[in-house]
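Here's the structure, in structure tokens; my notes come after.
The values are calculated or read from the model by the stated rules, or taken from the named source; none is laboratory data. All figures in this text were calculated on a predicted structure; none of them were measured in a lab. Glycine gets a Cβ as well: all are built from the backbone with ideal geometry, and neighbour counts include every protein chain shown.
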Amino acid sequence: MSTNTETQKSARTSQGFTDDEKAAMRERAKELKAEARISKNKAEGENAALAAIAAMQEPDRSMAARLHEIIKANAPSLSAKTWYGMPAYADNDGNVICFFQSAEKFKARYATLGFNDRAKLDEGDMWPTAFALKGLTAVEEARIVALVKKAVS
């Protein structure tokens, strides 16, 4: 083995993934296998998303459940599913448009509502794609409704 290859190998292992990252990757691998088996079965995806929400601790569970209601009501073209073990909402081609990441899962200070590159949120050359959530009031809900509608427009 060359010295360069040995250096690259040791750098990879010394900068390996955290246990949380490994768990998220295992979750994603299971999801990909399930998606291949069920091939866009919306009911199965909805059940998986609702199960992921039910497994969350408060206050993440309440926020995720309310976001689910908001997204389903304002973007009915999106299908619920899980993505890296978190509830996500995909277009008809299976591309995730938006997702919820609980604070608890990665021991973060806040939950996150995120949007992927397929979301049509473009505003010039720079725009936000993730939003911190500590709670949901009417103000946040109105902003989320506007974001979700814009994302699928």
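For the range 74-90, the set of residues classified as within 18 Å of Ala29 (Cα to Cα), outside any strand (DSSP E or B) and either small (Gly, Ala, Ser) or in contact with a Gly (Cβ under 6 Å, 6 or more places away or on another chain) (or both) consists of Gly85 only.
Among the listed residues Ala80, Ala108, Ala88, Ala119, which satisfies the condition of being touching a residue at least 12 places away in the same chain (Cβ under 8 Å), under 26 Å from Thr18 (Cβ atoms) and in contact with a strand residue (DSSP E or B) (Cβ under 9 Å, 6 or more places away or on another chain)? Going through Ala80, Ala108, Ala88, Ala119 in turn, just one is touching a residue at least 12 places away in the same chain (Cβ under 8 Å), under 26 Å from Thr18 (Cβ atoms) and in contact with a strand residue (DSSP E or B) (Cβ under 9 Å, 6 or more places away or on another chain): Ala88. The condition of being surrounded by 12 or more Cβ atoms within 10 Å (Cβ to Cβ), touching a His at 6+ places or on another chain (Cβ under 7 Å) and of a type outside the set (D, E, K, R) holds for only one of Pro87, Pro59, that being Pro87. Note on the range 1-39: among residues that are of a type outside the set (Ser, Thr, Tyr) and modelled with pLDDT under 55, the one that is farthest from the chain's Cα centre (by Cα) is Met1.
Looking at the range 91-105 only, could you name the residues that are closer than 26 Å to Gln57 by Cβ and touching a residue at least 60 places away in the same chain (Cβ under 8 Å)? The one that is closer than 26 Å to Gln57 by Cβ and touching a residue at least 60 places away in the same chain (Cβ under 8 Å): Lys105.
Looking across the range 91-110 at every residue that is aliphatic (A, V, I, L, M) and assigned to a loop (DSSP other than H, G, I, E, B), the one that is nearest to His68 (Cα to Cα) is identified as Ala103.
Each residue in the range 122-141 was checked for being touching a strand residue (DSSP E or B) at 6+ places or on another chain (Cβ under 8 Å) and aliphatic (A, V, I, L, M), and 3 of them qualify. Quick check, is Ile71 crowded, with 18+ Cβ neighbours inside 10 Å, under 21 Å from Arg26 (Cβ atoms) and of a type in the set (Val, Ile, Thr)? Here the answer is no, as Ile71 does not meet what is asked. Residues in the range 111-127 that are part of a loop (DSSP other than H, G, I, E, B) and surrounded by 14 or more Cβ atoms within 10 Å (Cβ to Cβ): Asn116, Arg118, Ala119, Leu121.
Scanning the range 82-134 for residues that are among the aromatic types (Phe, Trp, Tyr), over 16 Å from Gly45 (Cβ atoms) and in contact with a Ser or Thr (Cβ under 8 Å, 6 or more places away or on another chain) yields Phe115, Phe131.
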